[in-house]
1. Suppose we filter segment 46-64 for residues that are within 20 Å of residue 8 (Cβ to Cβ) and either exposed (fewer than 13 other Cβ atoms within 10 Å of the Cβ) or within 11 Å of the chain's Cα centre (by Cα) (or both); how many remain?
2. Within segment 5-20, track down each residue that is more than 13 Å from the chain's Cα centre (by Cα) and without any contact (Cβ under 8 Å) to a residue 40 or more places away in the chain.
3. Mind counting the residues in segment 28-45 that are surrounded by 11 or more Cβ atoms within 10 Å (Cβ to Cβ) and free of Cβ contacts under 8 Å to residues at least 12 places away in the same chain?
């Protein structure tokens, strides 16, 4: 695997992971029983949105690079 292909694969991996983390932070409190931990996670929704947007940006960048590097 070339160095450039590895960098592109890393972008997709990072994007997917950030999206999963963002969705977990945003949707997690709805499935947790009432507790202090649920309240803490619910208050950090801005972090979840940031992770989700960052993940989508990584995936968009990956797709853009893949589109422009077609042979």
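1. Selection size over segment 46-64: 8.
2. Quick first cut of segment 5-20, residues more than 13 Å from the chain's Cα centre (by Cα) only: 5-9.
5, 6, 7, 9 - these are the residues of segment 5-20 that are more than 13 Å from the chain's Cα centre (by Cα) and without any contact (Cβ under 8 Å) to a residue 40 or more places away in the chain.
3. In the first step, residues of segment 28-45 are kept if they are surrounded by 11 or more Cβ atoms within 10 Å (Cβ to Cβ); the result is 28-29, 32, 37-39, 41-42, 44-45.
Next, from what is left, pick out any that are free of Cβ contacts under 8 Å to residues at least 12 places away in the same chain: 32, 37-39.
Total satisfying the criteria: 4.
Readers should treat all values here as calculations from the given coordinates under stated rules, not as data from a laboratory. Here the structure is a predicted model, which is why all the values come from computation and not from measurement. Glycine also receives a Cβ, built like all others from the backbone with ideal geometry; neighbour counts cover every protein chain displayed.
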